[in-house]
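Reviewing the structure listed below.
The values are calculated or read from the model by the stated rules, or taken from the named source; none is laboratory data. Being a predicted model, the structure only gives us computed values, none of them experimental. A quick note on method: Cβ atoms are made from the backbone with ideal geometry, for glycine too, and the neighbour counts reach across all protein chains shown.
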Amino acid sequence: MAKRAKKPRQRTVVHADIAADLVQLRGEKSAGQMVSLARRRGHTALTPQSLRGLEEGTTRYPDQALLRAFADAYGMDYEPLAWLFIKANYGVAPEWEPPELSVPLDPEVETAARLLESFPPALRTTLLAALHTLAEALGIDRRTGRSA
């Protein structure tokens, strides 16, 4: 009896709209050229597989190092790229802007942010995703931080 070939696992596309824009940014260059450019600029997070995940829209929570490498290789600013994923993942209203860095933060928030920054990027992304899921389960409004 002949073995049946397994179908390759299909990953869920979560950011099709962002992915379409990222593919257009690359233009005529190959994925290998972009990865090579990022490596020459000192970024190791951008690999052919991670680039494919971004361009196919299958990477739900890209870490900071990956987005910085992508932005640098593609000649764009990191912040707008990061905000695209934040808005898509957490539903931040488009009219909401991040606070100015000069504004003093609440000491508890500042301590929590410093603690979060001390974790490796992959763990930080996982923790933020878990916090988002918890807030959603508890019915907490993501914009105000209060119960709905």
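Taking the criterion of being surrounded by fewer than 16 Cβ atoms within 10 Å (Cβ to Cβ) and either modelled with pLDDT of 90 or more or in contact with a Pro (Cβ under 6 Å, 6 or more places away or on another chain) (or both), the only residue of segment 62-95 that qualifies is GLN64.
Quick one: count up the residues across segment 66-77 that are part of a helix (DSSP H, G or I) and in contact (Cβ under 8 Å) with a residue 12 or more places away in the chain. So the answer is 8. Looking across segment 19-65, just one residue is in a helix (DSSP H, G or I), within 18 Å of THR125 (Cβ to Cβ) and touching a Phe, Trp or Tyr at 6+ places or on another chain (Cβ under 7 Å), and that is LEU54. Residues of segment 116-144 that are exposed (fewer than 10 other Cβ atoms within 10 Å of the Cβ) and at pLDDT 65 or above: SER118, ALA137, LEU138, GLY139.
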